[in-house]
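Just so it is clear, none of the values below were taken in a lab; they were calculated from the coordinates. Not measured: the values here are computed from a predicted model. In this analysis, Cβ positions are derived from the backbone assuming ideal geometry, glycine residues included, and neighbour counts consider all displayed protein chains.
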Amino acid sequence: MIGGAFAASAVIVSRSLRAQQLQTYLPPGVTPKPKGPLVYGEYDQEELDFAYDQRPWAPNFDAVLTERLPARNAATLTRIDLPRRLSYGPTEIEKLDLYASQQTNAPIHVHIHGGAWRGGAASGAAFLSEMFVDAGAHYIAVDFNNVIETNGDLMPMAEQVRRAISWVYRNAESFGGDTNRLFVSGFSSGSHLAAVALTTDWQDDYGLPADMIKGGVLGSGMYDLYPVSLSARNTYINFTDEIVEALSPIRHLENLAAPVVIAHANLETPEFQRQSREFAAVVKTAGKSVTFLEGLGYYHLEFFETLATPYGLLGRAALEQMGL
């Protein structure tokens, strides 16, 4: 009788759990819980927090970040000339690394580094330089404040990126660059900032040609800040309504004047994938030039590495866009 009672109780609990929807959007190996109140779309709070944190989805994340990428940067700097460190603004951080091509009047590729808006540096993207320089382009990596240093405000970072790109355009001739062939790229949070630059009103706000930027490659970025503002990233970023409106590139496509490549990897978080797919779809609907790419079999930082080689998905796309 006692055994029968326990069995009956177990059946009731099992049916109760089946009746309660379980979480769906979780990294591999995380045991689903009963789904909590929905916060955005089909996500509860824990799912949304996971969806904007790449680390739990990639078992090799720390090894790539702390071992492989630094090793690649160091190896690259043994093969090519060290960059020229140039100032684009008055503060110490407002500098960029220029890896110069030997070609005269060469095209320019400006890269905006990632790091969840709170980390990263231009030096961390040194390994990308070799491909562009070998192909006959100047490669520039930009430094700017992180969001911890700006007390949670993304706007100063966006403004620094814009000023860096405008400096490059205005000073291109001083280092043998072609102002008619200026391209940008970004990855992760750097892709968001690069997309902000691509959707800037350059003519009215900076007195520069509206089509100053001739193309962009955006890898694994975020283009609508509203769902991001509901995630755990709001613990270190001050997502005001004004910031969400001003710095969501998907809301400013009227300013997009350049062809863009938008890409994500299929082993990244579901939100990074959705944001890329939806941004590409909206750009296409707006009648703008867009190419959408999906990297199969890549985790987040592994996908970043494909921008360093002409045989990688992002690297090939960048060179093709530049006509190299």
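Hey, rough spin-label estimate for THR31 and LEU82, points 7 angstrom out along Cα→Cβ, what's it come to in nanometres?
5.4
Let's see if you can work this out: charge +1 on each Lys and Arg Cβ, -1 on each Asp and Glu Cβ, no other charges. What is the dipole magnitude of the chain about its Cα centre, in debye to the nearest 20?
660
Can you tell me the length gained on complete extension of the stretch THR66 to ALA281, counting 0.36 nm per residue apart and subtracting the Cα distance?
Gain on stretching THR66 to ALA281: 73.9 nm.
With a 10 Å radius around each residue's Cβ, average the other Cβ atoms per peptide and rank 291-301, 66-76, highest first.
Going from most to least packed, we get 291-301, 66-76.
Within 15 Å, Cβ to Cβ, of THR66, how many net charges do the neighbouring residues add up to if Lys/Arg are +1 and Asp/Glu are -1?
-1
In Å and on Cα atoms, what radius of gyration and Dmax does the chain show?
For the chain, the Cα-based Rg and Dmax read 21.9, 90 Å.
Report the full-extension gain for the segment ALA246 to ALA75: residue separation times 0.36 nm, less the Cα-Cα distance, to one decimal in nm.
Here the segment from ALA246 to ALA75 would lengthen by 57.6 nm.
Among GLU320, GLU268, GLU173, which comes first, then next, by fewest other beta-carbon atoms within 10 Å?
Neighbour counts put them in this order, fewest first: GLU173, GLU320, GLU268.
For THR309, THR199, which order do you get if you count the other beta carbons within 10 Å of each Cβ and list the fewest first?
Result, fewest neighbours first: THR309, THR199.
For region 212-324, build the charge dipole from Cβ charges (+1 Lys, Arg; -1 Asp, Glu) around the Cα centre, then report which of ILE237, PHE272, THR309 sits farthest towards its positive end.
THR309
Using the C-alpha atoms of region 190-324, what convex hull volume per residue, in cubic angstrom, is computed?
Given the Cα convex hull of region 190-324, per-residue volume reads 113 Å³.
Measure nothing but the geometry: give the 0 to 90° angle between the long axis through the Cα atoms of 155-171 and the longest principal axis through the Cα atoms of the chain, rounded to 10°.
30
Normalised radius of gyration for region 62-134, please: alpha carbon Rg relative to 2.2 N^0.38 Å, two decimal places.
Here the answer is 1.17, to two decimals.
Given the rule -39500 (n - 2.57) for each run of at least 4 DSSP H residues, summed and divided by the residues of the chain, what is its mean residue ellipticity at 222 nm, to the nearest 500 deg cm²/dmol?
Working: 12 runs with 117 residues, N = 324.
Taken over the chain, the calculation gives -10500 deg cm²/dmol.
Quote to one decimal, in nm, the extra length available between ASN234 and LEU38 on full extension: 0.36 nm per residue of separation minus the C-alpha distance between them.
Details: separation 196, 0.36 × 196 = 70.56 nm, distance 1.72 nm.
Extra length from ASN234 to LEU38 when fully extended: 68.8 nm.
Jot down the radius of gyration and Dmax of region 180-259, Cα atoms only, both in angstrom.
Both quantities, over Cα of region 180-259: 13.2, 41 Å.
Quick one: grab Rg to one decimal and Dmax as a whole number for region 101-207, Cα atoms only, in Å.
Calculated on Cα positions, Rg and Dmax stand at 13.7, 42 Å.
In debye, nearest 20, what is the charge dipole magnitude of region 169-324 about its Cα centre with +1 on Lys and Arg Cβ and -1 on Asp and Glu Cβ, if you could check?
Details: 10 positive and 18 negative charges, 69 e Å.
Dipole of region 169-324, to the nearest 20 debye: 320 debye.
Output the 0 to 90 degree angle, nearest 10, between the alpha-carbon long axis of helix 2-19 and the longest principal axis computed from the alpha carbons of the chain.
Value to nearest ten degrees: 30.
For a footprinting-style exposure proxy, rank SER185, SER87 by other Cβ within 10 Å, fewest first.
So the residues, fewest neighbours to most, are SER87, SER185.
May I ask you to list the lysines whose Cα is less than 17 Å away from that of LYS288, ignoring any residue fewer than eight positions away on the same chain?
Output for LYS288: LYS214.
With everything on Cα atoms, drop me the angle between helix 69-79 and the longest principal axis of the chain, reported from 0 to 90° to the nearest 10.
20
Over the Cα atoms of region 144-199, Rg to Rh with Kirkwood Rh, two decimal places?
On the way: Rg = 12.6 Å, Rh = 12.2 Å.
That ratio equals 1.03.
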